[in-house]
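The structure appears right after this line, and notes come after that.
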């Protein structure tokens, strides 16, 4: 039907006849001549329609925005002064010989170049929205990224193996999406939250290296930027130690960024222990573009007269961190109030600070703050030394339970870093976080929970800590962060049944419960399971970062809203009573339904 | 952890030290020496353990079947007379220096080389089953096939775009799998039966060429070889005419077979109209390896005294077909009885036949059959001429409604062809079936139904038949068959809203119903939808054929049984009442549940 894509027509084709198909992006009349910018997925081409071919000209006159056209014409150089350097075909235009209207178009619900469209309008008319050049580029980028992942993994001997979508519900972690069975009344499949167990089974089955770019499902309350269904690059390998996996995976990410973005990421990626990351950045996905760091000062504040600090410094699980803002003495009262409000989101009950007027005077003259008079000189000296404060700086403090301090000051660090430009200038800063703890202690339920998942292997030499001191037991788990977002994470898995049993014991999972939930994995471990480990990357997030998109919804062709709805197809929807009967289920009573609405 | 895969160790490595990881496939003691066949996904390597290294030898003595091992040793040539030409590493063996038992194994539920395992045992212990070399090969083949599809489509400018898994239920065609919504009480998502509508939307959105290797779902009664979830290579393109799509798609299939099987399929594939395929083979997926053909003889049987024939010949919708079996006069009574029973499966109420003793005598001497005396000479002459019968042949007849005759004699043709070796000797016989009818008439419901789907475009020039004679209206639909199985099918779609409305009218789908079910597609067609069409291939079926597998379950890592169960994970299963409450559903009453069991 055509000879070229619009975006491919260039000065090398001058003098040739081409046939193009696409959409009327813009039409304008100028001096009795009609110009049509014809658009396809590769770009725009300018079509010139002279009135001396009446039939063609009549067609051109009928053309409106988004009409679908086929055009035949001769490529020629644009007249001097009309070259458009912004588009690939900007040096040429096509003198139209024939124009066929393949399909007319009603007036679109919005212009493609309209900015500030509401997201709900865009999602309702997603098909038109996807025609916008930005969305075309984002979907191309997503495709190229997935392809780059595949190429690297194919070349590295990883096999793409499909795991089931209709699988078993295991009431762990996030909520499952359930699928009622018609054949087995009262029973349900679950959509996978990840192929975790299946990929481990594939390793036990001897496939050695596995990957899959696969949909996963979590029926969670949709925070900021989550989707009910999301796409994971899922990877697992046998006979590789933790360091080998991490090295190979960062080669993978470097290759993907090189191929898709023409960006060379650092080699190697820095590696930080979880402990160090929390100490210095208050985060296990630190944004290393930001130059600011936290420092610990609790140890010198145990005996100060400022009660808030002394109290935290003397209680287990507390942290007092200082964040130096170079030149921050110029921050306005309003800015500091805004930061105080901001850390409140993370549970901080205040935001103490010291303005460093003169670093040589460790008193209320040199250091301006209501708290200074309640801190002794040893403390002030340590604070100034550890933060490296200079005259003209400002030092913020967080003092609370470690989690609150880390969340609050970690977020403040990133916010100030970007607002006040304390950036190292690198566009991409990847970092591995390693040596995660095996377990978190859930204070409410008074029990240990798995930080990663219950199949994660303890570090070599940490096996006995499982019994003696689970809180100090570290895991062979690793997360990759980029610019403060988590790209992916994984772990070396437990391959020995007796280790798995010990871990279940710490987690309070009894034999019977373990058998019921994970029996098929435990069973498989019995038959010579190989050492293995792996990782999963979040494709949506990676592509969104590459595209500079605000939301992962902008890199998904047909996303759901934050209320888990598809505005285009109007899913979910009501179904026939007959369908429910076949599935052996019924709706709960109306009154109950209405009560539940409020909970959504 | 290792230097090579077991299957890669060969005579080029003689003298070198290698480190291998894998499983003890076999262990045997011979003259004080222990031999271990070490297996990984690439093959076997023979490990020789001499008693002069006591520590290593002790490990070797502890080894049992399926222990997971790491072995270090030197590659050497096997002694003369012990070379194994059947395996890649058969010229060499590894003299073991060190052996580490990475993991012990309980006695496996079955030996890996055990034949005649029941499928349910295999599926229960799928992880062990997948270790069998045959299954390893099948999964490799599946991976290579999917990769070959991707490579061709990538190179041809098709973009992989993901469509939603949680989508809208449309009570059309097969039964949907439903997913209750937690956020929207009483509403349900459906798992996609195919991304049909979404891929059309992507064309309207201007992506031009799309593909996806994607899971689809149908909650159907699981006939012979179906799965609740199956994998489709889904393809759609804009601005391509029917012939261009068909040509490109057969290039795709040729490329896949070339890359994966090193097989060169015919170029071009033969193309048969639906009508001709039914006439000659009684099937729209004819097995062209079989040399036998049906011929129509109803027109010469209208006035014969054999009532069965005359009755069918004079009723509309009837067919009388003859199938000549060369040399078939030697078929035994028992064989013919078996064939008669066989056609009964397809609804045929008998299987008339004539033995051709002497083709020159068109009477009860030359032609042996109780029906001959009730057929006049004109009929007999036509039958002999049209079938090309020779002395010594046998001619079977089917006389009934067309569908019954086609199903019965079509199947008989294939059965006899393979049993009696009327084969052309080609291992692969692809064929396009084109020019399908747009509509079938459903006699029970007295209405037209879509043969392909309601979005299929009528042939050029057939538009007015939509109103005047829908039964004669042909579609731009095409199916690809290989060796009698359907590999895939597709169509050019309707891109003009007014044509879509006309088709809905024939199907008795009113405006309101159309808007409710397909509103988002109809809406999209309004905005300059491009001409477009596509196709979907069944990946499971293609790989099963390539692997020579009896069932698609043999080329799926974790399949469901024919009762839609996963015997490995025991899915589907019961779930907590709490989960159901969150989803605003409840189970139907127990008694009702039990009644329904029988229907599964």
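Summary of values
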quantity	calculated
Copies compared at residue B:275 - label distances in nm, ascending, label defined 7 Å from Cα in the Cβ direction	8.3
Over the range B:430-532, relative contact order from alpha-carbon pairs under 8 Å, at least 6 apart, %	28
Debye-sum result for the range A:464-504 in log10 I(q)/I(0), which assumes one identical scatterer on each alpha carbon, at q = 0.13, 0.21 Å⁻¹	-0.40, -0.77
Percentage relative contact order, chain B, counting C-alpha pairs under 8 Å, at least six apart	13
For the range A:384-483: Kirkwood Rh in Å [reciprocal of mean 1/r, alpha carbons]	16.8
Cβ crowding within 10 Å averaged over residues, with B:347-353, B:25-31, A:160-166 ranked highest first	A:160-166, B:347-353, B:25-31
Rounded tilt (10° steps) of B:333-344 against the dominant C-alpha axis of chain B	80
Per-selection Kirkwood Rh - the range A:475-553 (Cα, Å, 1 d.p.)	15.0
Radius of gyration and Dmax over the Cα atoms of the range A:171-247, both given in Å	15.5, 48
Equivalent ellipsoid semi-axes, the range A:365-443, via Cα gyration tensor eigenvalues times 5, rooted, Å	28, 21, 12
Estimated D of the range B:72-111 in µm² per second, where Rh is the Kirkwood radius over Cα pairs and Stokes-Einstein applies at 37 °C, 0.692 mPa s	260
For chain B, alpha-carbon Rg over 2.2 N^0.38 Å	1.20
Cα radius of gyration and Dmax for the range A:318-369 (Å)	12.3, 35
The range B:78-212 - Rg and Dmax from Cα coordinates, angstrom	24.5, 75
Cα-based helix-to-principal-axis angle, A:242-261 vs chain A, degrees rounded to 10	30
Average beta-carbon neighbours from other chains, 10 Å sphere, peptide A:237-249	2
When the range A:290-419 is reduced to its Cα atoms, the Kirkwood hydrodynamic radius in Å	14.3
Tail weight of P(r) past 17 Å, computed on alpha-carbon pairs of the range A:255-340, percent	67
Computed over the range B:476-577: relative contact order in percent, which uses C-alpha pairs under 8 Å that are six or more apart	23
Tail beyond 28 Å, pair distance distribution of the range B:447-600 (Cα, percent)	52
For the protein assembly as shown, alpha-carbon Rg over 2.2 N^0.38 Å	1.09
Considering only the protein assembly as shown, percent of DSSP beta bridges that pair antiparallel, nearest 5	95
Other protein chain Cβ atoms within 10 Å, averaged over every residue that makes up B:490-497	1
Teacher prompt: residue A:577 distances to equivalent labels in other copies, 7 Å Cα→Cβ, nm	2.6
More than 12 angstrom apart: percent of Cα pairs within the range A:400-453	77
Cα convex hull volume per residue for the range A:236-291 (Å³)	107
Exercise: per-residue mean of other protein chain Cβ atoms within 10 Å, A:554-565	4
Two-decimal Rg/Rh across the range A:430-532, once Rg and the Kirkwood Rh are taken from alpha-carbon atoms	0.99
In degrees, nearest ten, helix B:133-155 long axis to first principal axis of chain B (Cα)	60
Bins of 5 Å from zero: percent of alpha-carbon pairs in the range B:48-141	3, 11, 16, 16, 19, 18, 11, 5, 1, 0
In Å, descending, principal axis extents of the Cα set of the range B:1-87	30, 29, 23
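No value in this document is a laboratory result; all are computed from the given coordinates. Bear in mind that the values here come from a model prediction, so they are computed numbers and not experimental data. Glycine also receives a Cβ, built like all others from the backbone with ideal geometry; neighbour counts cover every protein chain displayed.
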